[in-house]
Amino acid sequence: MTATLITNIGELTTNVAAHGDALGTLHDAAVLIEGDRIAWVGAGGEAAAVAARFAGASARAHLVDAGGRAVIPGFVDSHTHLVFGGDRADEFEARMTGTPYAAGGIRRTVAATRSASDEELRARLAAFVAELHGQGTTTFEIKTGYGLTVADEERLARLAAEVTPEVTFLGAHVVPAEYSERRVEYVELVCDAMLRACAPHSRWIDVFCERGAFTPEESRRILAAGVAHGLEPRVHGNQLGPGEGVRLAVELGAASVDHCTYLSDDDVAALAGSTTVATLLPGVEFSTRQPYPDARRLIDAGATVALASDCNPGSSFTSSMPLMIALAVREMGMSPAEAVWAATAGGAKALRRDDVGALAPGMRADLVMLDAPTRVHLAYRPGVPLVHTVWIGGAAL
Ligand code: NIG
Ligand code: FE
C-alpha cells in the first residue's frame, strides 16, 4: 500500500473538534496517509515514531515537508450544475448594464445542451473536473436540469455519474418551452418517465421551488415521487424572493436547502431546529448583484451553514471555493474559520457524507496544502491562487 507522511504542517485544520477549537486546529502537525485513507493525524514530533508503527508504511512512505504551510480538508462543493452546453456571457454582460437576472435564461442553456453531443459534454465535464480539482475541490455534486426531456435528462445524469457519485436529478429546473401551456403534463413527466430514467444514475432529487419555476405544491409532489424511487431530497429555495422552499425542505427532512437569501424568522427557526443544512451560494449574489444571504443570522440561530459554488452558466459561472470563502467572510458576516468549515465539513453534511470534510483516521485522504501559513489567507488574499498541492484519495494531483 502506498503511504505518504506530510510533516512540518504549520497549521492543520482537521474539523475534529476534539482537538480543541471548533475546527480542530493543530500546529506543527503531521498527517500519515495509507492508500486512499488518513491513517494518523497528530503532533509533528511524534510523526516518525507513528509512521514506524504502521506496518511497512515508514519504509515506503513518501515524505513531504510542508515547510510550515497550512493544510485543510479538500473542499466539498455540494451544489453545481456542471453538465451543460454553451454559455451565457452575453446575458452576463447585459446584466452588468442593468438587465436583471431571470430564471428564464435557463431555457437558452437547455437548447444549447440538447444540441451538444455526449462527446462534447463529456469533454467539458472533464475540463470542469480538472478546474475544480486544481482549486482544491475534492468532492462535488452535479445536477441535471439542462436537458428536460426524458432522453436528455437521462444522458446528463449518466454523464455526471461518470465523474461523481453525487448526482442530483433536477428535471424540475424550469418548465421547458414546449410545455409552457401544459405544465401539469410536464410535472407528470418529471414524476414518472423522467424520474424512472434518471433514478438509476442519481442519488438525489432537487426542485427549483421559486416563483417562475415550480410552486410549493408541484415541488412537494416531485420530491415525494423521487423519495418513492429511493432518491434523497434537496431543494433550491428562497433565492429570488420569500417563499415556502425552506419550510418544505425542513418538513421533508431534506439534506439541504440551497440559496436561502430571503428568509423569514420562521424559516430561520425551522432550519435551526432541523438537520437540514442551509447551503449558501454567494457566487450567485456576486454575479447577479443581488443582496447576499445573512449567514450570521443563520449561524447565531443555530442552523448549520454550508458554502457551495452553484457553478452554472447563468447565475454563477465560477467553481472557486476560495472565492466563496472570501465572499462569505467579507459580505455575509462569517468568520474565516466558519467559512472554511462551511466549505469543507459543511458541504459534507449537506451531502450526508461522513467520509469527507474532515481529517481523521479512516476518512478519505482528501487534503489541500495552501501556499500560505494559515487558512485565514483564503479570505485575506481573495483572487490569489493559494492551492499548493491537492491529494485526492491519497494521490497527489
Ligand atoms: O441555482 N436556481 C436555479 N438554477 C440555477 C441557475 C441556473 C441558470 O441560470 O442557468 C441556480 O442559480
Ligand atoms: Fe443551483
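Quick notes on this one:
- Restricting Leu327, Leu280, Leu359 to residues that are buried (at least 22 other Cβ atoms within 10 Å of the Cβ) and within 26 Å of Glu251 (Cβ to Cβ) narrows the list to Leu280.
- Selected residue (criterion: nearest to ligand 1 (Cβ to nearest atom)) from residues of region 261-270 that are part of a helix (DSSP H, G or I) and touching a residue at least 24 places away in the same chain (Cβ under 8 Å): Asp267
- Count of region 127-157 residues which are within 16 Å of ligand 1 (Cβ to nearest atom) and either free of Cβ contacts under 8 Å to residues at least 40 places away in the same chain or on the phi < 0 side of the Ramachandran plot (or both): 12
- Among the residues of region 198-230, the one identified as away from ligand 2 (no atom under 16 Å from the Cβ) and under 18 Å from the mean Cα position of the chain (by Cα) is Arg203.
- Asp258 of a type outside the set (Gly, Ala, Ser), within 20 Å of Glu141 (Cβ to Cβ) and not in a loop (DSSP other than H, G, I, E, B): yes
- Residue in region 68-77 that is at positive phi, in the same structural domain as Val174 (by the TED database) and over 24 Å from the mean Cα position of the chain (by Cα) present: no
- Check on Pro382, over 17 Å from Gly136 (Cα atoms) and in a loop (DSSP other than H, G, I, E, B): no
- Some residue of region 245-253 being assigned to a loop (DSSP other than H, G, I, E, B) and either within 16 Å of ligand 1 (Cβ to nearest atom) or buried (at least 23 other Cβ atoms within 10 Å of the Cβ) (or both): no
- Residue in region 174-181 that is in contact (Cβ under 8 Å) with a residue 60 or more places away in the chain, in the same structural domain as Leu132 (by the TED database) and surrounded by fewer than 16 Cβ atoms within 10 Å (Cβ to Cβ) present: yes
- Residue match in region 186-200 (condition: in contact with a Pro (Cβ under 8 Å, 6 or more places away or on another chain), crowded, with 22+ Cβ neighbours inside 10 Å and aliphatic (A, V, I, L, M)): no
- Meets criteria (surrounded by fewer than 24 Cβ atoms within 10 Å (Cβ to Cβ) and closer than 27 Å to Gly42 by Cα) for Arg375: no
- Filter result for Thr288 (of a type in the set (Val, Ile, Thr), within 14 Å of ligand 2 (Cβ to nearest atom) and farther than 19 Å from Val390 by Cβ): yes
- Residue within region 97-104 that is part of a helix (DSSP H, G or I) and under 26 Å from the mean Cα position of the chain (by Cα) present: yes
- Evaluation of Val340 against the conditions (1) outside the structural domain of Met96 (by the TED database); (2) touching a residue at least 60 places away in the same chain (Cβ under 8 Å); (3) not basic (Lys, Arg) shows that the sole unmet condition is (1).
- Close pairs (6 angstrom Cβ cut-off, 6 or more residues apart or separate chains): farther than 19 Å from Thr261 by Cα and in the same structural domain as Gln290 (by the TED database) in region 311-335, modelled with pLDDT of 95 or more and more than 13 Å from ligand 2 (Cβ to nearest atom) anywhere: Pro313/Asp87; Pro313/Arg88; Ser319/Glu131; Ser319/Leu132; Ser320/Gln135; Pro322/Leu378
- Consider region 300-350 and keep the residues that are of a type in the set (A, V, I, L, M) and assigned to a strand (DSSP E or B). The one that is farthest from ligand 1 (Cβ to nearest atom) is Val305.
The values are calculated or read from the model by the stated rules, or taken from the named source; none is laboratory data. Quantities reported herein were computed from a predicted structural model and do not represent experimental measurements. Counting neighbours? That spans all protein chains shown, and the Cβs are built from the backbone with ideal geometry, glycine included.
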